[in-house]
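Have a look at the structure below before the remarks.
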Amino acid sequence: MIGSSVVVRTRSWIVLLGLLTAGAPAAYAADCPGHPDALGTSRTLVVDPREHPLIGTMQYRETLPLKDHEVVLTFDDGPLPKYSNQILKMLDDECIKATFFIIGQQAKANPEGVRKLIAAGHTVGTHSMDHPLTFDRMPIEKFEPEINGGIQWTSAAMTDPSKQLAPFFRIPGLMRAESVENYLISRGIQVWSADFPADDWRHVSSDRVYQLAIQRLEAKGKGILLLHDIQARTVAAFPKIIRDLKARGYRIVHVVPATAERPATPTTPVEWLLHPPTETTPIARWPRVPGFVFAQTQTLPAPSLADLNAQTAHQPLLPRRTRAQTDIASTLPVPGRDLFAIPEGSVEVLLSTSLSRRAATRLAMAAETPGTARGKTAKGKAGKPHAGRTAHAAPAAAKHGAQAKNIAPKGTAHPTRVATSAKKRA
Ligand SMILES: [Zn+2]
């Protein structure tokens with residue numbers, strides 16, 4: 001098993017190191033014959049997988065070094081002739097270059113589909129052999145043949161010796177695991193997550209796919225869009241996505257892997273962050289504290305209270321009751337006992353909603369308890385006789401005695417509030 005995987009690995013290396021030697025021509029809107037309004041591809045970004053092995057902010061710290069309003073289109077799970085050919089035609093009509101992540105089984109069943117992508121100048125990476133959604137819990141004995149199977153069958157579909165697979169891999173279902181990532185990194189294969197999906201694998205309308213794609217792109221301002229060229233809803237949504245990309249001034253970037261003949265596009269590390277720290281992020285730019293040398297080591301005397309404008313002669317340094325507080329306390333009347341009485345009909349209102357039923361029941365029980373000094377009593381359900389207790393007195397009562405168990409402190413906060421709102425409705 002290990003011996004055969006070494007052979008596979010070596011073969012894959014040859015495949016991967018060959019890479020695109022002819023170079024993908026950068027198409028621009030002006031260069032799109034027969035389509036003067038084409039979106040076009042604004043630039044080609046050459047990346048070195050070994051320098052930035054994990055990309056896509058959905059899962060990783062880094063993403064492609066895109067400028068504001070730059071978008072990289074990616075399509076997974078193909079090729080499936082019925083839909084992939086339509087996507088391919090739309091990309092061609094717009095002179096857009098995208099990146100495709102091929103499933104080995106699809107390449108095996110439809111090698112012509114892979115050849116079409118290569119011939120059209122798109123970047124072709126892989127997406128495993130069978131698309132298992134268990135990469136996050138598979139041992140290397142399982143995921144290694146999955147990765148290699150996808151690479152082998154996709155490579156086998158390509159007949160043009162000048163064109164090679166890109167060492168780009170997207171984990172099926174984005175079910176990442178460190179072991180898988182480390183394995184791919186050790187082989188110089190770049191792991192592509194994404195910056196935003198459009199949920200086109202879910203049972204949503206094509207309009208929803210289009211909306212999500214644009215909304216999420218707008219939220220981040222740039223990034224890698226994850227789509228699937230095997231879905232009817234994606235085919236239906238794609239023209240609207242293209243239309244909006246044009247209207248909103250987005251530009252398409254084509255990503256290709258670096259080779260010996262084609263060095264990586266020069267970038268700075270900070271460009272691989274979706275939102276690099278700006279001038280307004282002071283923490284990263286704080287200067288070091290200068291190394292002052294203190295000639296004087298003499299300490300100053302402790303400050304006295306007089307230095308703080310304190311009136312030490314008459315008043316201690318404690319908060320005093322203000323005149324206003326004193327007045328309020330002396331002028332407001334003592335609240336009457338009927339302040340918390342429940343008006344006729346309130347309990348019925350409370351009982352009519354299930355949410356307030358328990359609170360209302362408590363109120364009714366409290367209201368009908370013998371011995372409660374109250375002018376009005378609520379109609380409706382009445383519980384067993386209790387010791388004198390009102391809704392108002394309940395919080396205090398709840399702290400004492402076994403009888404208080406029926407009215408928990410938490411619940412007692414509600415009757416007053418509910419009764420008040422019931423009053424307003426009445
Ligand atoms: Zn997939």
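Give the peptides 94-103, 226-235, 153-162 in descending order of average Cβ contacts within 10 Å, highest first. Working shown, then result.
Values: 94-103: 25.5, 226-235: 22.7, 153-162: 17.0.
Result, highest mean Cβ count within 10 Å first: 94-103, 226-235, 153-162.
Note on the stretch 8-275: dipole from Cβ charges, positive end direction compared against 239, 162, 102; the farthest Cα belongs to 239.
Using the structure shown, list the pairs from 220/246; 163/240; 82/163; 116/220; 89/142 with a Cα-Cα distance above 26 Å, or answer none.
In this structure, 163/240; 116/220; 89/142 exceed 26 Å between Cα atoms.
One decimal place: the segment residue 109-residue 199 gains 29.8 nm when fully extended, by the rule 0.36 nm per residue minus the C-alpha distance.
Taking 0.36 nm per residue of separation and subtracting the current Cα-Cα distance, fully stretching the chain between residue 240 and residue 67 would add 60.0 nm. A simple spin-label model places pseudo-atoms 7 Å from Cα toward Cβ; at residue 185 and residue 160 they are separated by 3.4 nm. For a straight C-alpha distance cut-off of 12 angstrom, the aspartates and glutamates reachable from residue 67 (same-chain residues fewer than eight places away being disregarded) are 271.
Quick note: the coordinates plus some simple rules give every number you see, no bench work behind them. No experiment lies behind these values; they were computed from the predicted model shown. Cβ atoms come from the backbone with ideal geometry, glycine included; neighbour counts cover every protein chain shown.
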